Amino acid sequence: MNRELTPKQLRRVFAPRELGCETTEDHPLLTGIIGQERAVKALRFGLDIQAVGFNTYVAGLPGIGKMTAIQAFLEEFAKQKETPPDWCYANNFAAPDQPKVLKLPAGRGRELQRDLKHFIDQARREIPKAFDSEEYNSRREEIAKGLNQQREAVLQRLNTRATQAGFTLQGTPLGVMVVPVLGGRPLSDAEFLALPASAREDLESRREQLQEELKVAMKQAREFERAAQVKLQELDQQVVLFVVGGLIEDLFEKYKDLPEIGEHLQALQKDIQENIEVFKGSSTSAQPSSDGGPAMPWLQDLPFRKYQVHVLVGNSEQQGAPVVLELNPSHSNLFGRIEKETLFGALYTDFTMIQDGALHRANGGYLILPAEDVLNNLFSWDGLKRALRSREIQIEEMGERLGYIATKSLRPQPIPLDVKVILVGHPSLYYLLHSYDEEFPELFKVKADFDTRMDCTEENIRDFISFLCTLCQKEKLRHLDASAIGKMLEYAARRAEDQEKLSTHFGAMADLVREANFWAAQQGSAYVTDVHIQRALEEKVYRSSLLHNRIQEMMSAGTILIDTMDRAVGQVNGLSVIHLGDYEFGRPVRITASVGPGREGIIDIEREVELGGPIHSKGVMILSGYLSHKYAQGMPLSLGARLVFEQSYEGIEGDSASSTELYALLSALSGLPIKQSIAVTGSVNQHGQIQPIGGVNEKIESFFELCNAKGLTGDQGVMIPASNVRHLMLREDVVEVARSGKFHVWAVSTIDEGMEVLTGIPAGERGSNGKFPKNTVNFRVDQRLRKMAESLHEPPEEGVAQRMRAKAP
């Protein structure tokens with residue numbers, strides 16, 4: 001049975017004539033997300049359902065364009081949604097340290113802000129003019145005159161009463177005093193003491209009576225003053241109301257459909273009437289400061305800030321629901337902050353210095369966050385969960401929360417939250433959060449999985465070409481011709497490691513197009529062709545392949561011992577893959593086996609020296625299971641074997657070399673030499689079936705490069721699992737050499753098939769008599785194992801006597 005693959009099986013080719021377009025310029029632009037039907041369906045469900053907690057975690061490996069695709073998808077999706085309202089902060093006249101929230105229809109927040117600014121500016125101009133008018137001053141003088149007349153009348157009556165009683169009223173810094181009069185002049189203290197006792201007592205009695213009457217008169221005068229003050233205040237309020245009444249009524253009428261705004265306007269009007277003195281001294285001209293220098297305009301405006309409205313989020317220009325991408329989700333960037341400014345050496349703040357966060361801007365829409373960055377920022381994750389649970393956004397000072405700042409600050413009223421949060425991150429992060437954060441499953445109930453591969457269907461190929469077209473147009477790159485498109489599809493199939501799949505690693509695709517565009521520009525080409533794509537691939541490999549080339553040089557020079565010709569017993573060329581960041585390459589490695597009678601079984605030297613990983617050790621242990629199943633049904637397995645990766649000085653992991661190790665072991669047991677011109681890869685199970693492995697293209701290409709460097713003989717090649725045939729996307733130079741018959745690729749399904757290719761001898765099937773046919777691989781292995789078992793189970797003395805007889809003449 002011919003197990004060699006044809007050149008057509010080694011690489012899938014996308015012929016330019018089959019693509020249906022001459023260049024990407026002729027193709028429509030991309031709409032939607034490519035090849036992620038499962039993720040798109042989950043995403044739509046998470047966005048449409050309105051129940052609490054149905055936020056979405058988008059899981060996928062880095063570089064597959066999750067963030068860009070999600071943002072573009074949401075922006076298109078959000079256009080069909082209703083535009084959210086404006087959110088404003090205004091002064092809370094009842095509690096200034098707790099600014100209140102105002103909710104207005106989209107666009108009306110800025111309108112209210114402008115209206116109130118116009119209102120306050122006009123009030124600041126007109127109120128001082130009204131208080132400087134002749135009519136106001138005359139009415140004020142009239143009230144003052146009436147007060148003086150009332151006060152003088154009271155004092156006149158009291159003075160008359162005092163004169164009749166022999167006293168006079170005398171004003172002092174301490175108040176009005178009642179002084180006795182003698183001969184028309186005030187009586188001195190000496191004269192008063194010189195009077196007879198009866199006269200002094202009479203004067204004291206009358207003065208006390210007058211003192212009581214004075215108290216009553218003074219109380220009456222104060223009542224007159226209070227009444228006059230009330231009249232002055234009423235006058236001032238009438239003046240202010242006359243100036244601003246019409247303006248405020250217009251605002252009430254304009255915002256009558258918003259009761260919340262009406263309540264705020266009433267509180268604002270009341271505060272203006274209670275703080276008329278602030279407006280009396282207002283002037284739009286700059287007044288000198290206390291130190292003689294010019295005053296700062298913002299300092300003059302400071303008392304009037306409380307009448308403004310601060311638009312935190314304005315959606316006047318928003319079409320549909322907002323989509324916000326926050327790449328730096330710190331606590332302040334998510335929840336906003338309260339800024340401060342220095343005023344006379346102290347920190348000052350008010351509601352106009354409240355700044356919005358991403359949650360405010362996304363409120364009523366969608367917020368995209370990188371999951372890892374949210375977790376890395378202090379308090380961001382806890383704050384996000386708290387906001388989603390409470391469904392409100394609370395702006396708080398981080399310094400207070402940490403205990404670093406104890407100064408008084410603002411505590412703005414929270415804003416109701418209605419947002420869909422889309423976390424984008426690695427799948428492993430999703431599983432960790434689901435396992436260790438009890439709140440995560442309750443808040444993120446939808447998972448959208450982004451696949452790394454998509455089916456190579458006609459629809460996906462069209463979408464892939466649309467992606468290339470969109471990339472070229474968006475970044476103003478040269479468009480790709482049909483040959484370049486074919487090369488890109490082949491590159492996508494190679495990255496997917498499947499002829500029937502295409503990679504969705506669009507970041508790498510875009511980088512390749514950008515680099516190919518550079519080489520096309522260097523050559524002055526109008527389009528990117530397959531030549532430029534190939535140049536970009538070669539240059540990319542060249543930049544990263546220093547270590548790869550060094551290893552190849554050491555193999556070619558014989559420093560690392562790898563034979564590509566002849567045959568050897570117990571020795572097979574295996575293949576491994578080395579990963580170096582974004583570059584991976586294959587490396588041939590010699591695997592040897594030594595066997596002898598014993599009870600220790602198969603010893604993995606790599607494991608003994610702690611260089612073998614658990615998966616590699618598992619693969620070696622499976623070999624014992626294969627030998628027992630295949631050969632030791634009627635006898636004990638008495639074997640001492642050692643397996644080793646020659647000239648390997650680093651850790652080894654994976655089971656892709658388990659079939660190679662078994663071939664070396666069977667060769668050592670049977671004594672049949674194995675072709676060193678063939679390298680082998682593939683894992684094996686206990687029944688001898690060859691299982692698929694990863695990195696098959698890199699492994700084949702690495703052995704080809706070694707054979708090419710040492711000289712191709714026409715017998716060299718690589719043997720792979722049959723289940724890996726669909727994964728072949730070999731380089732074109734390898735395919736061309738295979739087409740010429742100088743390099744071969746064989747595909748096998750079982751160990752027996754592999755041994756036939758490696759030795760050229762039939763493997764042999766166990767017959768009805770329970771024995772293998774003579775001169776087959778399995779016959780020789782079975783006989784060797786039986787001899788080992790017999791040598792271990794014969795009595796020691798009998799064994800010595802037999803050897804002595806054999807030596808006798």
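Working note: Cα atoms of the stretch 330-431, range along each principal axis, descending, whole Å: 53, 27, 19. If a spin label sat at a point 7 angstrom from the Cα of GLU372 along the line to its beta carbon, the backbone N atoms of the stretch 485-512 nearer than 20 Å would be those of 504-511. Its alpha carbons considered, the stretch 545-627 gives a radius of gyration followed by a Dmax of 15.5, 47 Å.
Amide H contacts under 5 Å for VAL424: VAL58, LEU369, ALA371, restricted to partners 5 or more places along the chain or on a different chain, H placed in the peptide plane at 1.01 Å from N.
In a shell of Cβ-Cβ distance under 15 Å around GLY107, excluding GLY107 itself, what net charge do Lys and Arg (+1) and Asp and Glu (-1) give?
Values: positive: LYS103, ARG108, ARG110, ARG114, LYS254; negative: GLU82, ASP86, GLU111, ASP115, ASP257, GLU317.
Computed value for this residue: -1.
Projected over all directions and averaged, the alpha-carbon convex hull of the stretch 595-706 occupies 7.5 nm². For the stretch 37-163, the Cα-based Rg and Dmax, in that order, read 33.3, 109 Å. Taking amide H positions as modeled 1.01 Å from N, with prolines and chain starts lacking one, the residues under 5 Å from VAL748 and 5 or more places away or on another chain are ILE720, ALA722.
Taking 0.36 nm per residue of separation and subtracting the Cα-Cα distance, what length does fully extending ALA190 through LEU232 add? It would help to have the intermediate numbers written out before the result.
Values: separation 42, 0.36 × 42 = 15.12 nm, distance 4.75 nm.
Answer, rounded to one decimal: 10.4 nm.
Given a cut-off of 18 Å, what percent of all Cα-Cα pairs of the stretch 676-754 lie beyond it? If you can, show how the numbers build up before the last one.
Numbers: 1155 of 3081 pairs.
Pairs farther apart than 18 Å: 37 percent.
Label positions at TYR436 and GLU341, each projected 7 Å from the Cα along the C-beta direction, are separated by 4.5 nm. Output the 0 to 90 degree angle, nearest 10, between the alpha-carbon long axis of helix 427-436 and the longest principal axis computed from the alpha carbons of the chain. The two axes meet at around 60 degrees. Computed over the stretch 489-572, the P(r) tail beyond 20 angstrom holds 56 percent of alpha carbon pairs. Kirkwood radius and radius of gyration were both taken over the C-alpha atoms of the chain, and their ratio Rg/Rh is 1.32. In terms of overall dimensions, the C-alpha atoms belonging to the stretch 127-279 reach 85, 32, 21 Å along their principal axes, ordered largest to smallest. GLU756 contributes an accessible area of around 60 Å² to the protein surface, as traced by a 1.4 Å probe with all chains present.
For the stretch 561-792, the antiparallel share of DSSP beta bridges with both residues in that region comes to about 60%. Only protein atoms count toward the accessible area here, which uses a 1.4 Å probe; on the stretch 127-279, the carbon and sulfur part of that area reaches 51 percent.
The phi-based Karplus calculation (6.51 cos²θ - 1.76 cosθ + 1.60; θ = phi - 60°) puts the 3J(HN,Hα) values of the stretch 75-92 at 4, 6, 5, 6, 4, 8, 8, 6, 6, x, x, 7, 10, 10, 10, 9, 5, 8 Hz, whole numbers, x for Gly and Pro. What is the angle, in °, between the Cα long axis of helix 506-522 and the longest principal axis of the Cα atoms in the chain? Nearest 10 is fine, range 0 to 90. Taking Cα atoms only, the helix is inclined about 80 degrees.
Length gain on complete extension for the stretch ARG206 to HIS687, per 0.36 nm per residue less the alpha carbon to alpha carbon distance?
Details: separation 481, 0.36 × 481 = 173.16 nm, distance 13.40 nm.
Stretched out fully, the ARG206 to HIS687 stretch lengthens by 159.8 nm.
Within the chain, DSSP assigns beta bridges of which about 60% are antiparallel (rounded to the nearest 5).
Given the Cα-Cα distance of LYS710 and ASP257 and 0.36 nm per residue of separation, how much length would full extension add, in nm? Don't skip to the end; give the middle numbers.
Values: separation 453, 0.36 × 453 = 163.08 nm, distance 8.82 nm.
This chain segment gains 154.3 nm when fully extended.
A simple rule links phi to the HN-Hα coupling: the Karplus curve 6.51 cos²θ - 1.76 cosθ + 1.60 with θ = phi - 60°, which for the stretch 48-64 gives 7, 6, 9, 5, 6, x, 8, 7, 10, 10, 8, 9, x, 6, x, x, 9 Hz, with x for Gly and Pro. When the alpha-carbon atoms of the stretch 561-792 are used, the pair Rg, Dmax equals 17.2, 56 angstrom. Each residue of the stretch 711-716 is assigned a 3J(HN,Hα), and the resulting list reads x, 6, 10, x, 9, 7 Hz, derived from the Karplus form 6.51 cos²θ - 1.76 cosθ + 1.60 (θ = phi - 60°), x at Gly and Pro.
Close amide-amide hydrogen proximity is noted between ASP715 and no other residue 5 or more places distant or on a separate chain, at a cut-off under 5 Å (H modeled in the peptide plane; Pro and chain starts excluded).
Given axes a ≥ b ≥ c from the Cα gyration tensor, I'd like to know whether the stretch 1-47 is rounded (a/c under 1.5), prolate (a/b larger than b/c) or oblate. Since a/c reaches 1.5 but b/c is at least a/b, the shape of the stretch 1-47 is classed as oblate. Cross-link pairs exceeding 28 Å in C-alpha to C-alpha distance, out of LYS487/LYS675; LYS79/LYS447; LYS81/LYS445; LYS8/LYS710; LYS630/LYS787; LYS117/LYS256, comprise LYS487/LYS675.
When peptides 409-422, 697-710 are sorted by average Cβ neighbour count within 10 Å, with the highest value leading, the order is 697-710, 409-422. Angle of helix 134-164 to the longest C-alpha principal axis of the chain, folded into 0 to 90 degrees and rounded to 10: 50°.
For the chain, what does the helix formula give at 222 nm: sum of -39500 (n - 2.57) over DSSP H segments with n ≥ 4, over the residue count, nearest 500 deg cm²/dmol? Helices in the chain give a 222 nm mean residue ellipticity of -15500 deg cm²/dmol.
The values are calculated or read from the model by the stated rules, or taken from the named source; none is laboratory data. Remember, it's a predicted structure, so these values are computed and weren't measured experimentally. As a convention, Cβ positions derive from the backbone with ideal geometry for all residues, glycine included, and neighbour counts pool all protein chains shown. Keep in mind that these areas ignore ligands, DNA and RNA; they rest on the heavy atoms of the full protein, side chains included. Shrake-Rupley method; radii C 1.70, N 1.55, O 1.52, S 1.80 Å.
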